[in-house]
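For reference, the structure discussed in these notes is given below.
The values are calculated or read from the model by the stated rules, or taken from the named source; none is laboratory data. If you're wondering where the values come from, they're calculated on a predicted model, not measured in any experiment. Every residue, glycine among them, receives a Cβ derived from its backbone with ideal geometry; neighbour counts consider all protein chains shown. We work out accessible area using only protein heavy atoms, side chains counted, and drop any ligands, DNA or RNA first. Shrake-Rupley method; radii C 1.70, N 1.55, O 1.52, S 1.80 Å.
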Amino acid sequence: LSFVSQEKNKQIIVLGLDGAGKTSILHSLASNRLQHSVAPTKGFNAVCINTEDKQMEFLEIGGSEPFRSYWETYLSRGLLLIFVVDSADHNRLPEAKKHLHQLIGTNPILPLVVFANKQDLQAAYHITDIHDALALSEVGNDRKMFLFGTQVTENGAEIPSIMQDAKDLIAHLAADV
Ligand code: G3D
Ligand code: MG
């Protein structure tokens, strides 16, 4: 029983500035269908995703200012961090970078999966530019780090293979920790 309750605390933490697409990505990964979010997350959003052999619990914490104080608390007992950015929101990339580096600075081995979302938008930076803008080369040698370009458009369509790959990778990383 203690094993079960210990496991219960281990969540995949999903962070990023508000409007980046965290909820949209989570719902799409959960349903295997692309799903836009219909409303901004107020506070917390917990989503369970089943794969063939296990269940993963994701916790999105709202990106707006009042909730950011919770980020580090939850992260300290997280399995891995998923960080979502709006690739077309050039003005706020420095802010996203600052938060990301603050978050991972406290944990040198926490695996990191970055979603460079909204790749459908004309103004979106390519993932190589996102890699630079977020200074991902500085995230640490001992850390597993992955970067995916994603887009959540075409409501109801099956998720593209890159999102399926990301989901498989996350399941793999979560099992490994
Ligand atoms: P958040 O949970 O990070 O705050 P949401 O972000 O998932 O709530 O998404 C914020 C807005 O961005 C939503 O639009 C959502 O539909 C849109 N969005 C999410 N992903 C994409 C994407 O890949 N491409 C585009 N073009 N839009 C996306 P609204 O209009 O409801 O604010
Ligand atoms: Mg949200």
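If you take every residue apart from L15 with its C-beta less than 12 Å away from the C-beta of L15, what net charge results, scoring Lys and Arg +1 and Asp and Glu -1? Present the calculation step by step, with values, prior to reporting the outcome.
On the way: positive: K22, R68; negative: D18, E60, E72.
Net charge in that neighbourhood comes out at -1.
Please work out the average accessible area per residue across segment 2-176, using the 1.4 Å probe convention, and give it in Å².
Ligands and nucleic acids excluded, the result is 51 Å² per residue.
For segment 57-177, just run the numbers: alpha carbon Rg, then divide by 2.2 N^0.38 Å, N being how many residues it has. Mind showing how you got there, number by number?
Working: Rg = 14.3 Å, N = 121, 2.2 N^0.38 = 13.6 Å.
Cα-based Rg divided by the globular estimate yields 1.05.
Give me the base-10 log of I(q)/I(0) for segment 128-171 at each q in 0.17 Å⁻¹, Debye formula, one uniform scatterer per Cα, rounded to two decimals.
-0.64
Quick one: dipole size for the chain, taken about the Cα centre, charges +1 on Lys/Arg Cβ and -1 on Asp/Glu Cβ, in debye to the nearest 20.
Values: 15 positive and 21 negative charges, 87 e Å.
Charge dipole, the chain, about its Cα centre: 420 debye, nearest 20.
What share of all Cα pairs of segment 3-123, in percent, falls into each consecutive 5 Å distance bin?
2, 11, 21, 25, 21, 13, 6, 1, 0, 0
Around G149, under 11 Å between beta carbons, what's the net of Lys plus Arg minus Asp minus Glu among the other residues?
Values: positive: K118; negative: D120, D129.
It works out to a net charge of -1.
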